[in-house]
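A.B. asks: Sharing a structure here in structure tokens format.
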Amino acid sequence: MAAARLRSAAAVAVATAIPTAAARRPLLRRAVLLPVPGAARLRLSSCRIPPPRGAPAAMLSSATAEHEAGAWYAVPGLSLREHRFAVPLDHSSPDEGATITVFAREVVAAGKEEASLPYLLYLQGGPGFESPRPMEAGGWLKKACEDHRVVLLDQRGTGLSTPLTASSLSQITSPAKQVEYLKHFRADNIVKDAEFIRIRLVPDAKPWTVLGQSYGGFCAVTYLSFAPEGLKSVLLTGGLPPLGEPCTAQTVYRACFKMVQQQNEKYYKRYPQDIKAIHEIVRYLSESEGGGVVLPSGGRLTPKMLQCLGLAGLGSGGGFERLHYLLERVWDPVLVPGAKRSISYYFLKEFDMWLGFDQNPLYALLHESIYCEGSSSRWSAEKIRSEYESLFDPVKATEEGRPVYFTGEMVFPCMFDEIHALRDLKEAAHLLAEKEDWPPLYDVRKLNNNKVPVAAAVYYEDMYVNFNIAKETASQIAGIRLWVTNEYMHSGIRDGGSHVFEHLMGLLNGKKPLF
């Protein structure tokens, strides 16, 4: 969830600890590989890591095949090395032979490669987005590395963890078989991957701390439900999931549409001139052949797809400004008198990059399933949108002179028609929307009796994870300590990561008062 995406699609990944590519672009700085003090003894081209002390005997014979670690390397202020684990595709049937690779990047402060440090696992937002790629020491990562050995996990299907892309999924030609494969890529198996890694990576298989951002927080609550023995403590940033119903998607989207409406109203108060600008774009698109224009990716920009800019533009720090400045570049200049007006390639290319669904199809395919336990989603966002259609109909709003409202973190069936890379996955998406036999993701009874220290940042104006729903979930997790703030939006871990991380750790270690 979010999107940096988008729980970045683009920015949804939605709030990583490391600045997004778009945010870094103006800096024009190149990461330089630096020598790592004390690393000479460790610099191997590749090494096989034996199981940790105290690991089960059954692990010994297969350890070298299950885990490979690379050599240490550096970016400014940090030392890093890469780990690859061969994990079962289906943890409930590990002996059937199907395996995937799960990738994790170990990060320490420069010079601490051999230091004895507690481990901290970072779970990225999404679903369907890889972990941050550190360029230098900064933000929450720099703060965490003062006292921890950080593990940046590419959740299965993302980054370097047997990535599921539109092209790789095309190898599975049957939509039904695609669904059979995709069902293994939710939080329950992400947690099982994490336990698989912890037992093989952490000395003596000790519990570790987990930091979960957005959807990563949802995964952390699944962790608390089914494998609390692997957890020393848990930090959540904008990541408390809804509980208690077979499918919570409709509850979530009904609450989120209200928050999206508020964010639209705030946006147009800040940039009232954009009301007219959006009307012009909607008229142009609706009057174009086929109701839209072709994107560089091969997809099509329609009025409804235009509204999807709200996913990254309305809910994160600086999003209003990025959206406004993007809209400044919609039209090509008229160089020849009488030439036909056209939308600029610059805007169309940026639109493709803002969404990012073509690069991370898991987000679109599995987004609604993260709310399902024994029930189907049946395109919940589309259903709830129909209840708000008078507000969110872009053509009608333009005709009536009202602001065109952008949408938020929702996936709609039309995306599988208008986004080129998703078209071949359309049938699988419909099958996933109808799928009912999703296994449980949370155990409320265990959460009610939780013994693991938990601290959570709950953002009052969170457009992606509704504040009231997050509060209700917090009431079900015994011992949780909340930090409620309107200082940050959903992207707090990106925008003020050092402060957010330090504040949450303070709640756990007693440096912050209980009341």
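A.B. asks: Cα-based Rg (one decimal) and Dmax (whole number) for the range 297-411, in Å?
C.D. replies: 16.5, 62
A.B. asks: Another question, if that's okay. In deg cm²/dmol and to the nearest 500, what is the mean residue ellipticity at 222 nm of the chain if only DSSP H runs of at least 4 residues count, each as -39500 (n - 2.57), divided by the residue total?
C.D. replies: -9500 deg cm²/dmol
A.B. asks: While we're looking at this one, here's another question. Which value results for Rg/Rh of the range 113-174 when Rg is the Cα radius of gyration and Rh the Kirkwood radius based on the inverse mean 1/r?
C.D. replies: 1.12
A.B. asks: Sticking with this one: Restricting to Cα pairs below 8 Å that are 6+ residues apart, what does the relative contact order work out to for the range 394-483? Please round to a whole percent.
C.D. replies: 24 percent
A.B. asks: When we measure straight from the Cα of LYS112, which aspartates and glutamates land under 14 angstrom away, once same-chain ones fewer than 8 places off are left out?
C.D. replies: Straight-line reach from LYS112, under 14 Å: GLU146, ASP147.
A.B. asks: With a cut-off of at most 12 other beta carbons within 10 Å, and DSSP calling the residue loop, which GluC sites (Glu not before Pro) in the range 319-405 qualify? Please list them.
C.D. replies: The qualifying sites are GLU328, GLU400.
A.B. asks: Per residue of the range 222-239, in order, report the coupling 6.51 cos²θ - 1.76 cosθ + 1.60 (Karplus, θ = phi - 60°) as ³J(HN,Hα) in whole Hz, putting x for Gly and Pro.
C.D. replies: Using θ = phi - 60°, the values come out as 4, 4, 4, 6, 10, 8, x, 5, x, 10, 7, 6, 9, 10, 10, 10, x, x Hz.
A.B. asks: Radius of gyration and Dmax for the range 213-363's Cα atoms, expressed in Å?
C.D. replies: That works out to 19.8, 72 Å for Rg and Dmax.
A.B. asks: Taking amide H positions as placed 1.01 Å from N in the peptide plane, with prolines and chain starts having none, which residues 5 or more places from SER288, or on another chain, fall under 5 Å of its amide H?
C.D. replies: none
A.B. asks: Same structure, new question: List, in order, the whole-Hz ³J(HN,Hα) value for each residue of the range 405-417 obtained from phi through the Karplus relation with A = 6.51, B = -1.76, C = 1.60 and θ = phi - 60°; use x for Gly and Pro.
C.D. replies: After applying 6.51 cos²θ - 1.76 cosθ + 1.60, I find 7, 6, 9, x, 8, 9, 10, 10, x, 4, 4, 7, 9 Hz.
A.B. asks: What does the charge count near GLY298 come to, summing +1 for each Lys or Arg and -1 for each Asp or Glu among other residues with Cβ under 15 Å from its Cβ?
C.D. replies: -1
A.B. asks: A follow-up question, please. Could you list the residues of the range 372-394 with an amide nitrogen less than 14 Å from a label point located 7 Å from the Cα of HIS430 in the Cα-to-C-beta direction?
C.D. replies: What the label zone holds, given the 14 Å backbone N cut-off, is 378-379.
A.B. asks: So who's got an amide H within less than 5 Å of the one on LEU78, skipping anything under 5 residues away but keeping other chains? H placed 1.01 Å off N, in plane.
C.D. replies: Counting only residues 5 or more places away or on other chains, the set is ALA110, ALA137.
A.B. asks: May I pose another question? On a 20 Å Cα-Cα criterion, which of the cross-link pairs LYS446/LYS511; LYS383/LYS435; LYS396/LYS426; LYS177/LYS426 come out too long?
C.D. replies: Among LYS446/LYS511; LYS383/LYS435; LYS396/LYS426; LYS177/LYS426, the Cα-Cα distance tops 20 Å for LYS446/LYS511; LYS396/LYS426.
A.B. asks: Let me ask something else about it. Could you tell me which trypsin sites (Lys or Arg not before Pro) in the range 411-445 are loop residues by DSSP with no more than 10 other beta carbons within 10 angstrom of their beta carbon?
C.D. replies: Working: sites: ARG423, LYS426, LYS435, ARG445; in loops: LYS435.
Here no loop site has a sparse enough neighbourhood.
A.B. asks: What order do TRP438, TRP331 take when sorted by accessible area (1.4 Å probe), most exposed first?
C.D. replies: From most accessible down to least: TRP331, TRP438.
A.B. asks: List the pairs from LYS192/LYS471; LYS269/LYS512; LYS266/LYS349; LYS142/LYS512 whose alpha-carbon separation is above 30 Å, in the order I gave them. Write down the numbers at each step before the final one.
C.D. replies: On the way: LYS192/LYS471 27 Å; LYS269/LYS512 37 Å; LYS266/LYS349 27 Å; LYS142/LYS512 21 Å.
Over 30 Å Cα-Cα: LYS269/LYS512.
A.B. asks: When the Cα centres of the range 108-162 and the range 337-400 are compared, how far apart do they sit, in Å?
C.D. replies: 31 Å
A.B. asks: Within the range 314-350, which trypsin sites (Lys or Arg not before Pro) sit in a loop by DSSP and count at most 10 neighbouring Cβ atoms inside 10 Å? Mind showing how you got there, number by number?
C.D. replies: Working: sites: ARG322, ARG329, LYS340, ARG341, LYS349; in loops: ARG329, LYS340, ARG341.
Listed in order of number, the matching sites are LYS340, ARG341.
A.B. asks: Of all accessible surface on the chain at a 1.4 Å probe, what whole percent is carbon and sulfur?
C.D. replies: On the way: 11250 of 21030 Å².
Result for the chain: 53 percent of the exposed heavy-atom area is carbon or sulfur.
The values are calculated or read from the model by the stated rules, or taken from the named source; none is laboratory data. Predicted, not measured: the structure shown is a model, and the values here were computed from it. All Cβ positions, glycine included, derive from the backbone under ideal geometry; neighbour counts span all protein chains shown. Side chains are part of the model used for accessible areas, which takes the heavy atoms of the whole protein and leaves out ligands, DNA and RNA. Shrake-Rupley method; radii C 1.70, N 1.55, O 1.52, S 1.80 Å.
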